[in-house]
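Data first, discussion second: the structure below is written as structure tokens.
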Amino acid sequence: MFSAIENLYLYVKLKFSAIQLNNKYVYKHDINPTLLREIIEHSRRKSLQGNAAIFCYSHALLLQLDQDPKNHLKELQQSMTEHSDSIDEDDLRILSKLTENYCVRQINKGLHEYYEMLYQLMTDRFSRESKLSAVEFKNFITICLRSEKAGEVLKFIDESRGKIFPDEIREDAVNYAMARYYFHEKDYNHVLKLLQQVSYFDPFYKIDSKKLLIQTYYELEEWDSLESAMNAFRVFIHRNKAISEVHKLNNQNFINLLFQLIPLHSGQSKKLLKLKNTIAKKEALAERDWLLKKMAVLERQPKKSYIGWSSL
């Protein structure tokens, strides 16, 4: 058995490493490989089961390393549920967010079965918290819309707007959420009006608002505005220093594949099939489902004519 000091040491290192590894996927943070090897060796010891927080952080760490992820996800969720009373509230929040971020990464790979798990994890955590970050608020709206829970969106916005922090992003968060809702309802002119009210204080809101604007122009067949927005988005993603390489790649692939999709029409069956397969199999890709839906539309009917596209 570990001594109290050894337990504390291991707890701090596991927690720090799990958070750092998570942040590597979100921001440009790296983790010391020597430290990581040491942590992994400690985390495999069966004696960790006597301390719920340490046990959970060990599974959270190995989950993010994709080492037998299904097993670690199961163990982590089960332990968080069974020992919620003995795990510090701050640790429970961090562990939940680490698990949520793992689900997000799986969804970005096209694994839809993680939507319901992510929805439940966030719902449970929100019920315990008095504040809600602007990024979490945005993510939950997206989850509801993508998992056919659009009916919950307006109620959630109304009940949660006062909890959003930081305060300076609150108005942006609500306007963007409403824009996402109206996009889902195909009220595209309303989307454009709402996006004009977003000030872009947060880099992730800026990225997603620009992406939503691109999708809206596509739906409205505003080809000149679409081309301008896509070119600007490509430059913005390339120059952005705040986001991780994973986020950058997700969005770069989105814009590159959309550029390939736009000139196609139903008569180009071979090109359509090739692009459809590429979209389906691309590991890092934002808005995969939307792109596949647009592909399905193209397969059924000719694309209307457009002008102004340059060769890239």
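The values are calculated or read from the model by the stated rules, or taken from the named source; none is laboratory data. Note that this is a predicted model, so its numbers are computed, not measured. In this analysis, Cβ positions are derived from the backbone assuming ideal geometry, glycine residues included, and neighbour counts consider all displayed protein chains. Only protein heavy atoms, including side chains, enter the accessible area calculation; ligands, DNA and RNA are left aside. Shrake-Rupley method; radii C 1.70, N 1.55, O 1.52, S 1.80 Å.
How many nm separate the modelled label positions at residue 193 and residue 112, each set 7 Å beyond the Cα in the direction of the Cβ?
So the label points at residue 193 and residue 112 sit 3.3 nm apart.
For the chain, which whole percent of the accessible surface, found with a 1.4 angstrom probe, sits on carbon and sulfur atoms? Write down the numbers at each step before the final one.
Values: 8230 of 16200 Å².
It is 51 percent, rounded to a whole number.
Please report the spacing between the Cα centers of segment 71-107 and segment 196-236 in Å, no decimals.
34 Å
Specify the angular offset, from 0 to 90 degrees and rounded to the nearest 10, of the alpha carbon long axis of helix 167-184 from the longest principal axis of the alpha carbons in the chain.
50 degrees
Which lysines, if any, have their Cα less than 22 Å from the Cα of residue 70, not counting same-chain residues under 8 positions apart?
15, 24, 46, 97, 109, 281, 282
Quick one: putting +1 on the C-beta of Lys and Arg, -1 on the C-beta of Asp and Glu, what dipole do you get for the chain around its Cα centre, in Debye to the nearest 20? Walk me through the intermediate numbers first.
On the way: 46 positive and 41 negative charges, 268 e Å.
Value, rounded to 20: 1280 debye.
Give me the accessible area of residue 241, 1.4 Å probe, in Å² rounded to the nearest 10.
150 Å²
Kindly report, to the nearest 10 Å², the accessible surface of residue 167 as traced by a 1.4 Å probe over protein heavy atoms only.
Solvent-accessible area, nearest 10 Å²: 110 Å².
Run down the aspartates and glutamates and flag those whose C-alpha is under 14 Å from the C-alpha of residue 271, throwing out any fewer than 8 positions away in its chain.
By straight Cα distance, residue 271 reaches 299.
At 1.4 Å probe size, put 205, 188 in order of accessible surface, largest to smallest. Could you put the intermediate results ahead of the total?
Details: 205 0, 188 30 Å².
Final ranking, largest accessible area leading: 188, 205.
When Lys and Arg each count +1 and Asp and Glu each count -1, what net charge do the other residues less than 12 Å away from residue 96, Cβ to Cβ, add up to?
Values: positive: 93, 97, 125, 128; negative: 89, 90, 91, 100, 124, 129, 136.
Neighbourhood net charge equals -3.
Residues with beta-carbon under 14 Å from that of residue 238, excluding residue 238: net charge, scoring Lys, Arg +1 and Asp, Glu -1? Intermediate values should be presented prior to the final figure.
Values: positive: 210, 234, 239, 241, 248; negative: 245.
Spelling it out: positives minus negatives among the neighbours equals +4.
Based on Cβ point charges of +1 for Lys and Arg and -1 for Asp and Glu, what charge dipole magnitude is obtained for segment 162-207 about its Cα centre, in debye rounded to the nearest 20? Walk me through the numbers before you get to the answer.
Numbers: 6 positive and 7 negative charges, 30 e Å.
The calculation lands at about 140 debye.
Averaged per residue, what accessible surface does segment 241-289 expose to a 1.4 Å probe, in Å²? Let's see the in-between values first.
Working: 2490 Å² over 49 residues.
About 51 Å² of surface per residue is accessible.
I want to check a number: in segment 117-240, how many lysine pairs have alpha carbons closer than 18 Å, given a sequence separation of 8 or more or different chains?
Final tally of qualifying lysine pairs is 15.
With the dipole of the chain worked out from charges on the C-beta (+1 for Lys and Arg, -1 for Asp and Glu) around the Cα centre, which of 19, 78, 272 lies farthest toward the positive end?
Checked the options; the winner is 272.
Working out 0.36 nm times the residue gap between residue 259 and residue 300, then minus their Cα-Cα distance, what length gain in nm do you get to one decimal? Mind showing how you got there, number by number?
Details: separation 41, 0.36 × 41 = 14.76 nm, distance 1.96 nm.
12.8 nm is the gain from fully extending residue 259 to residue 300.
Any chance you could look up the accessible area of residue 10 with a 1.4 Å probe, heavy atoms only, rounded to 10 Å²?
Around 0 Å² of this residue is reachable by solvent.
Which order do 216, 142, 123 take by accessible area at a 1.4 Å probe, largest first? Write down the numbers at each step before the final one.
Details: 216 0, 142 25, 123 45 Å².
The residues order as 123, 142, 216, largest area first.
Relative to the first principal axis of the alpha-carbon coordinates of the chain, what is the inclination of helix 114-128, with its axis defined by its Cα atoms, in degrees from 0 to 90 and to the nearest 10?
60 degrees
Dipole size in debye (nearest 20) for segment 143-242 around its Cα centre, Lys and Arg Cβ +1, Asp and Glu Cβ -1? Present the calculation step by step, with values, prior to reporting the outcome.
Working: 15 positive and 17 negative charges, 80 e Å.
The dipole magnitude comes to about 380 debye.
Give the residue from 130, 64, 144 lying farthest towards the positive end of the charge dipole for segment 36-189; charges sit on Cβ (+1 for Lys and Arg, -1 for Asp and Glu) and the dipole is referred to the Cα centre.
Toward the positive end, the furthest listed residue is 64.
In terms of solvent-accessible area of protein heavy atoms at a 1.4 angstrom probe, what is the ranking of 131, 163, highest value first?
Details: 131 130, 163 75 Å².
Highest to lowest solvent-accessible surface, that is 131, 163.
For the charge dipole of the chain, defined by +1 on Lys and Arg C-beta atoms and -1 on Asp and Glu C-beta atoms about the Cα centroid, which residue among 230, 53, 247 has the Cα displaced farthest towards the positive pole?
Checking the options against the dipole of the chain, the answer is 230.
Helix-derived [θ] at 222 nm for the chain: sum -39500 (n - 2.57) over DSSP H runs of at least 4, divide by residue count, nearest 500? The partial results should precede the final answer.
Values: 15 runs with 221 residues, N = 312.
After summing the helix terms and dividing by residue count, I get -23000 deg cm²/dmol.
Less than 14 Å Cβ to Cβ from residue 121, Lys/Arg counted +1 and Asp/Glu -1: what total charge do the surrounding residues give?
Working: positive: 74, 93, 97, 105, 125, 128; negative: 100, 113, 116, 124, 129, 136.
Spelling it out: positives minus negatives among the neighbours equals 0.
For segment 171-312, what log10 I(q)/I(0) values come out of the Debye formula at q = 0.18, 0.21 1/Å, with one point per alpha carbon and no solvent?
At q = 0.18, 0.21 Å⁻¹ the computed log10 ratios are -1.13, -1.46.
Could you give the radius of gyration (one decimal) and Dmax (whole number) of the Cα atoms in the chain, in Å?
My reading of the Cα-based Rg and Dmax gives 21.5, 72 Å.
Taking Cα atoms, how many degrees apart are the long axis of helix 245-261 and the longest axis of the chain, rounded to 10 and kept between 0 and 90?
That works out to roughly 20 degrees.
What's the Kirkwood radius of segment 133-195 in Å, using all Cα pairs? Present the calculation step by step, with values, prior to reporting the outcome.
On the way: mean 1/r = 0.0865 Å⁻¹.
Taking the inverse mean of 1/r over all distinct Cα pairs, segment 133-195 comes out at 11.6 Å.
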